[in-house]
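So the structure is just underneath, and the comments pick up after that.
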Amino acid sequence: LKVVPFSLINWYTSTSVYTSSMNVQGVMDTEGNMLPYVHKFHQLAVEMPEPAQVGEQYSIRVVYGGDIIDSLTQPDMAMGIREASDAQQADQALSIVNYTLLNTYPWFPQNGNNIFDRYTFEWTVTLPKPMLLASSGTMVKQEDTGSHFVYTVKENVPSALASMIFGRFSLVADDPADGRRPYVRVFAHAGQVDSAREILEQTHDLIEYFEELYQVPYAYPEIDIAQMPYGVGFAQAPPGLVQMDGVAYLNKTLLVNIWNVNNPFLRENFLPHELAHQWWAHVICSLTDHDYW
């Protein structure tokens, strides 16, 4: 494999907020040597100096321009749940950028090449404060530079799909001193911290359930659960990362009385399903790209 494909994807397609202004200006190795690449829309193909070899490590740096990189517009953080239920603002209630790397579009397992191509990775992400990062992989370092957070994330388990999300979140997480495994972080809109605490405990309960059911341990040391904008209508489960429609964080009273949701058990539908994908897709794979789950 000499040409490595990447995807830079926004899953959210609302025409009122969707933009695709990413402008890749260069790709280079860690020594600063420029690498040949082709970039069109969300697809980025990079030619490595030599064909990739199993077990070897490679690093590249992507330089891009543009003020909005496949993101949602920044709302007024004082906006409440009731105001957010307005259809004109529903999908702007949380600012998120979602990058999916190390696979080609569309969504795994049909990655366009070989579904058994899996990679380990280490990436460094610099975000302007107060944005926080939810990511596949294990957070090995976080630095505060005063104006930015700098994260180093590493994945030792080969993965066919790896993603990161960043936005203006509140964070609820396990106490590292408790030694709970996996280590769970839940990223939520500022008004949903109580629900985030519930989701943290539900995540532990569900992972224990699936480990007993499948007799296969959860594959990663950590898992991040991230709240997408309200009303996007779906959830996703890259390895070590679950992202859910923002309304799945709401309590049942808000779901029925403000959002007029017919099924108040939205979280109970989303969370177990997405956590199950941490086994079915990331540990247990389709035989070929013609075999869907």
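The values are calculated or read from the model by the stated rules, or taken from the named source; none is laboratory data. Quantities reported herein were computed from a predicted structural model and do not represent experimental measurements. Neighbour counts are summed over all protein chains in view; Cβ atoms, including those assigned to glycine, are modelled from backbone coordinates with ideal geometry. All accessible areas refer to the heavy atoms of the entire protein, side chains included, with ligands and DNA or RNA removed. Shrake-Rupley method; radii C 1.70, N 1.55, O 1.52, S 1.80 Å.
Laid out as a table, the results:
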| quantity | calculated |
| --- | --- |
| Counted residues, region 244-263 - those being touching a Ser or Thr at 6+ places or on another chain (Cβ under 8 Å) and assigned to a loop (DSSP other than H, G, I, E, B) | 4 |
| For residue 241: the one exception among (1) touching a Ser or Thr at 6+ places or on another chain (Cβ under 8 Å); (2) within 30 Å of residue 154 (Cβ to Cβ); (3) open to solvent by 20 Å² or more (accessible area, probe 1.4 Å) | (3) |
| Given (1) at pLDDT 90 or above; (2) open to solvent by 20 Å² or more (accessible area, probe 1.4 Å), number of the condition residue 129 does not satisfy | (1) |
| Members of region 250-276 found to be β-branched (Val, Ile, Thr), open to solvent by less than 40 Å² (accessible area, probe 1.4 Å) and without any contact (Cβ under 8 Å) to a residue 40 or more places away in the chain, listed by number | 261 |
| Tally, over region 182-215, of residues that are closer than 15 Å to residue 248 by Cβ, open to solvent by less than 40 Å² (accessible area, probe 1.4 Å), touching a helix residue (DSSP H, G or I) at 6+ places or on another chain (Cβ under 9 Å) and not in a loop (DSSP other than H, G, I, E, B) | 9 |
| Failed item, numbered, when residue 140 is tested on (1) open to solvent by 20 Å² or more (accessible area, probe 1.4 Å); (2) of a type in the set (Val, Ile, Thr); (3) within 19 Å of residue 225 (Cβ to Cβ) | (3) |
| Test: residue 96 is closer than 30 Å to residue 259 by Cβ, out of contact with any helix residue (DSSP H, G or I) (no Cβ under 9 Å at 6 or more places or on another chain) and modelled with pLDDT under 85 | yes |
| Matching residues, region 18-53, being modelled with pLDDT under 75 and more than 22 Å from the chain's Cα centre (by Cα) | 52 |
